[in-house]
Structure formats: structure tokens, C-alpha cells
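A.B. asks: Pasting in a structure now, in C-alpha cells, and then I'll have a few things to ask.
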Amino acid sequence: MALEVPDHLTLRQAAVLASALVYWTGVFVQARRVRKLIGRSANLKPRTSREKLLWMGWFLVIAAWLGQPILMACGIWAPRLRPLTPALLNASSLALGMALIVLGYAGTLWCYSVMGNAWRIGIDQKEKTSLVTEGPFRMVRHPIYLFQIVILLGVSLLLPTALSLLILIVHFICVSVKVRDEESHLLRIHGGQYRNYLSRTGRLFPRLF
């Protein structure tokens with residue numbers, strides 16, 4: 001028995017696929033740009049077993065983010081690729097999902113601009129980069145990860161499936177580990193300056209008090 005295709009599903013699939021392609025192409029372009037500025041890689045290669053495990057987590061997130069709309073468009077409707085409820089596939093969720101994706105990527109580009117050549121993917125214990133505290137970093141210590149969450153929330157609204165929720169969960173676990181590693185590294189190399197920065201900012205979300 002053929003499954004009825006919900007309204008706007010093709011547009012939702014295209015938007016999610018485009019968001020993944022644009023985001024990770026942007027990461028590649030940013031890595032190339034920083035490489036030209038500093039004359040070496042922006043720590044793209046994982047250096048420790050912990051980083052290798054994190055890369056596996058990121059790979060799963062990226063593969064599912066890219067693959068879900070493709071599988072759905074090909075008619076592969078496994079249980080995890082079916083909308084949790086057709087009621088979620090309405091015009092409001094479509095508009096809000098699109099808005100969150102655009103907002104999240106605009107915020108990411110803002111972060112790239114503010115960070116300049118201090119942007120890195122991995123951690124090099126021997127390297128000391130400048131401490132960035134301007135722009136979105138005034139309120140949040142890891143705004144790039146925050147904007148990733150915003151984008152993936154948009155993805156979950158466009159394709160409200162169990163797989164979308166799983167992507168969010170795996171991403172958040174990876175981010176939670178990564179931010180602690182980055183903060184430990186920055187505290188070691190910047191000392192009291194970073195400790196003061198910690199006291200006035202939120203990790204992933206702005207402090208309310």
C-alpha cells in the first residue's frame with residue numbers, strides 16, 4: 001500500500017538537504033580560508049583517541065543530516081523516516097523551520113567573521129590562539145555550536161522524525177564533550193583572562209542572571 005506524501009514534504013526535504021550542503025561546504029571554505037591565513041591546517045586531523053571518537057559522532061550527524069531527505073525522496077520510508085505525526089507538517093512548522101535554518105547559518109557566518117584566523121576545528125595543545133570575546137562571544141562562549149543547534153532544531157521542524165531527534169541528541173552529546181575539552185585547553189593557555197571570561201558568559205546559552 002503506497003504511503004500518502006504529506007503537503008510540503010518535497011520542499012522540506014530539499015530545504016534540509018540544502019542546509020546540510022551549504023553548512024558543510026561553508027566549513028570547508030572556512031578551513032581553506034584559515035589555512036591560507038595561518039599557513040597550515042586549522043587542526044582538521046583528530047590528534048587523540050577522544051577526538052577520533054568525536055569525529056565519528058560528527059560523521060554520524062552529518063551522514064544522517066544529508067542522508068535523511070535523500071532516503072525520503074527515494075521513497076525509503078523506514079519507521080524512523082516517517083513524520084512522528086502528520087499534524088507537525090503544517091505551514092507554521094515549515095516557516096519556522098526555514099527561519100531557524102537561515103538564522104543559524106547567518107549566526108555561523110557572524111562567528112567566522114569575528115573569529116578571523118583564530119578559528120579552529122580541533123585542539124593543538126602546543127598552539128596558542130587569541131581569545132575571542134567580541135560579537136556573539138560576548139554572551140556565549142561557544143556560539144558556533146549554539147547556532148548548529150538552532151539549525152538542527154529547524155531541521156527537526158521541517159522533518160519531524162525520530163531520526164531528526166536522534167541527530168539532535170548525538171550532536172548535543174558531541175558538543176557537550178567538545179566544549180569541555182576546548183575550555184580546558186583555553187583555560188590552560190589563557191589562565192586568569194579566560195577564568196574571568198568564564199565568570200561572565202554562558203557555555204552554550206546566554207546567562208539570564
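A.B. asks: In this structure, does VAL29 turn out to be of a type outside the set (S, T, N, Q), out of contact with any Leu (no Cβ under 8 Å at 6 or more places or on another chain) and at pLDDT 90 or above?
C.D. replies: On the way: of a type outside the set (S, T, N, Q): yes; out of contact with any Leu (no Cβ under 8 Å at 6 or more places or on another chain): yes; at pLDDT 90 or above: yes.
Against the criterion (of a type outside the set (S, T, N, Q), out of contact with any Leu (no Cβ under 8 Å at 6 or more places or on another chain) and at pLDDT 90 or above), VAL29 qualifies.
A.B. asks: Do we have SER184 as of a type in the set (Gly, Ala, Ser), surrounded by fewer than 21 Cβ atoms within 10 Å (Cβ to Cβ) and out of contact with any Pro (no Cβ under 6 Å at 6 or more places or on another chain) here? So that I can check it myself, show each step before the final result.
C.D. replies: Details: of a type in the set (Gly, Ala, Ser): yes; surrounded by fewer than 21 Cβ atoms within 10 Å (Cβ to Cβ): yes; out of contact with any Pro (no Cβ under 6 Å at 6 or more places or on another chain): yes.
Yes, satisfied.
A.B. asks: Just to verify a result, which residue in segment 81-134, among those that are of a type in the set (A, V, I, L, M, F, W, C), touching a Phe, Trp or Tyr at 6+ places or on another chain (Cβ under 7 Å) and assigned to a loop (DSSP other than H, G, I, E, B), is farthest from GLY154 (Cα to Cα)?
C.D. replies: Filtering segment 81-134 for residues that are of a type in the set (A, V, I, L, M, F, W, C), touching a Phe, Trp or Tyr at 6+ places or on another chain (Cβ under 7 Å) and assigned to a loop (DSSP other than H, G, I, E, B), the one farthest from GLY154 (Cα to Cα) comes out as LEU131.
A.B. asks: Okay, next question. Can you pull out the residues in segment 73-87 that are at pLDDT below 75, surrounded by 13 or more Cβ atoms within 10 Å (Cβ to Cβ), closer than 21 Å to VAL170 by Cα and not charged (D, E, K, R)?
C.D. replies: First, the residues of segment 73-87 that are at pLDDT below 75: 76-81.
Checking the rest, the ones that are also surrounded by 13 or more Cβ atoms within 10 Å (Cβ to Cβ) come to 77, 80-81.
After this cut, where a residue has to be closer than 21 Å to VAL170 by Cα as well, the list is 80-81.
LEU81 - this is the single residue of segment 73-87 that is at pLDDT below 75, surrounded by 13 or more Cβ atoms within 10 Å (Cβ to Cβ), closer than 21 Å to VAL170 by Cα and not charged (D, E, K, R).
A.B. asks: Hey, does segment 131-144 have a residue that's modelled with pLDDT of 95 or more, on the phi > 0 side of the Ramachandran plot and surrounded by fewer than 20 Cβ atoms within 10 Å (Cβ to Cβ)?
C.D. replies: There is at least one residue in segment 131-144 that is modelled with pLDDT of 95 or more, on the phi > 0 side of the Ramachandran plot and surrounded by fewer than 20 Cβ atoms within 10 Å (Cβ to Cβ).
A.B. asks: Okay, moving on. Would segment 54-72 turn up any residue that is free of Cβ contacts under 8 Å to residues at least 60 places away in the same chain, exposed (fewer than 15 other Cβ atoms within 10 Å of the Cβ), aliphatic (A, V, I, L, M) and not in a helix (DSSP H, G or I)?
C.D. replies: no
A.B. asks: Within the set of pairs 6 or more residues apart or between chains, which connect a residue that is surrounded by 17 or more Cβ atoms within 10 Å (Cβ to Cβ) inside segment 157-168 to a residue that is modelled with pLDDT under 95 and among the β-branched types (Val, Ile, Thr) with Cβ atoms less than 8 Å apart?
C.D. replies: Filtered contacts from segment 157-168: PRO160/THR85.
A.B. asks: Right, next: Hey, could you check segment 98-128 for residues that are free of Cβ contacts under 8 Å to residues at least 60 places away in the same chain and over 17 Å from the mean Cα position of the chain (by Cα) and say which is surrounded by the most Cβ atoms within 10 Å (Cβ to Cβ)?
C.D. replies: As a first pass, look at segment 98-128 and keep what is free of Cβ contacts under 8 Å to residues at least 60 places away in the same chain: 99-100, 102-104, 106-107, 110-111, 113-115, 118, 126.
Checking the rest, the ones that are also over 17 Å from the mean Cα position of the chain (by Cα) come to 114, 118, 126.
Values: VAL114: 17, ALA118: 14, LYS126: 6.
Out of the qualifying residues, it is VAL114.
A.B. asks: When residues of segment 28-53 are filtered for being touching a residue at least 40 places away in the same chain (Cβ under 8 Å) and either under 18 Å from ASN117 (Cα atoms) or not charged (D, E, K, R) (or both), how many remain? So that I can check it myself, show each step before the final result.
C.D. replies: Initially, segment 28-53 is screened for residues touching a residue at least 40 places away in the same chain (Cβ under 8 Å), giving 30-31, 34, 37-38, 42-47, 50-51.
Adding the requirement that they be either under 18 Å from ASN117 (Cα atoms) or not charged (D, E, K, R) (or both) leaves 30-31, 34, 37-38, 42-46.
Qualifying residue count, segment 28-53: 10.
A.B. asks: SER156 - would you say it is in a helix (DSSP H, G or I) and under 28 Å from LEU208 (Cα atoms)? Write out each step before concluding.
C.D. replies: Working: in a helix (DSSP H, G or I): yes; under 28 Å from LEU208 (Cα atoms): yes.
Here the answer is yes, as SER156 does meet what is asked.
For every residue, the table says whether it meets (1) under 21 Å from LEU159 (Cα atoms); (2) of a type in the set (A, V, I, L, M, F, W, C).
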site	(1), (2)
ARG12	yes, no
SER19	yes, no
GLY26	no, no
VAL29	no, yes
ARG32	no, no
ARG35	no, no
LEU44	no, yes
LEU60	yes, yes
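The values are calculated or read from the model by the stated rules, or taken from the named source; none is laboratory data. In this text, all values refer to a predicted model and were calculated from it rather than measured experimentally. So basically every Cβ, Gly included, is an ideal-geometry build from the backbone, and we count neighbours across all protein chains shown.
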